[in-house]
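The values are calculated or read from the model by the stated rules, or taken from the named source; none is laboratory data. Predicted model only: the values in this text are computed from it and were never measured. FYI the Cβ positions are ideal-geometry reconstructions off the backbone, even for glycines, and counts take in every protein chain you see.
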Amino acid sequence: MDNPQELFAAYDQTGDLCMTLQKAVNFTDYFRCYVIGQEKVWVMRYDPKQPHENRYVKNPPPIEPALYARVVGDALKLCRALGYDMNTVEFAVEDGVPYAIDFLNPAPDADVHSVGPENFEWIVNAMAELAIKKALSERNPARDFHWACFLGGRG
């Protein structure tokens, strides 16, 4: 959309459907992160402009340490706020700033053929460790997501 009139015309067509407005991010870097147990984060370079089978960057260059720390910290904050024990968070980086683009994936792609062997091994091990930790814990799991109370007006 190029102007407010186009925006409001599109909005008027949605009726009672939810509409999300977001600005395009002209990214120079892009990351997809697995987050497991609201504690562990696996950061992967990702290129959403590539065909599906080539989106996980093979032999990626190292990530600048401050950017890496920011991406990990922001991914954890999002997952903790949502109450997700498994999620993927995607960040598009423009001018050194990571923007969370997609962060509602509590059942993310983990197929070895699309994510690659190294990423697959990490996700399987991290999920197995989380499952064992939860099975051995005496703590009862949450009955619903943290954000559910906001939807019912209980927040």
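Across region 69-114, which residue is surrounded by the fewest Cβ atoms within 10 Å (Cβ to Cβ) among those that are part of a helix (DSSP H, G or I), touching a residue at least 60 places away in the same chain (Cβ under 8 Å) and within 15 Å of the chain's Cα centre (by Cα)? Steps first, please.
Restricting attention to region 69-114, the residues satisfying the condition of being part of a helix (DSSP H, G or I) are 69-82, 112-114.
From what's left, touching a residue at least 60 places away in the same chain (Cβ under 8 Å): 81-82, 113-114.
Next, only the ones that are within 15 Å of the chain's Cα centre (by Cα) stay: 81-82.
Numbers: Ala81: 13, Leu82: 18.
Per the criteria, the residue is Ala81.
Say whether the condition of being surrounded by 13 or more Cβ atoms within 10 Å (Cβ to Cβ), modelled with pLDDT under 95 and either within 30 Å of Leu130 (Cα to Cα) or of a type in the set (Lys, Arg) (or both) is met by at least one residue in region 1-18.
No, because not a single residue in region 1-18 is surrounded by 13 or more Cβ atoms within 10 Å (Cβ to Cβ), modelled with pLDDT under 95 and either within 30 Å of Leu130 (Cα to Cα) or of a type in the set (Lys, Arg) (or both).
What do you reckon, is Val97 over 18 Å from Pro60 (Cα atoms) and at pLDDT 95 or above?
Details: over 18 Å from Pro60 (Cα atoms): yes; at pLDDT 95 or above: yes.
It is true that Val97 is over 18 Å from Pro60 (Cα atoms) and at pLDDT 95 or above.
Taking the conditions exactly as written (surrounded by 15 or more Cβ atoms within 10 Å (Cβ to Cβ), of a type outside the set (Phe, Trp, Tyr) and not in a loop (DSSP other than H, G, I, E, B)), does Glu53 satisfy them or not?
Answer is no for this residue.
Output the number of the condition that His146 fails; it satisfies all remaining conditions of (1) under 25 Å from Tyr46 (Cβ atoms); (2) surrounded by 13 or more Cβ atoms within 10 Å (Cβ to Cβ); (3) at pLDDT below 90.
(1)
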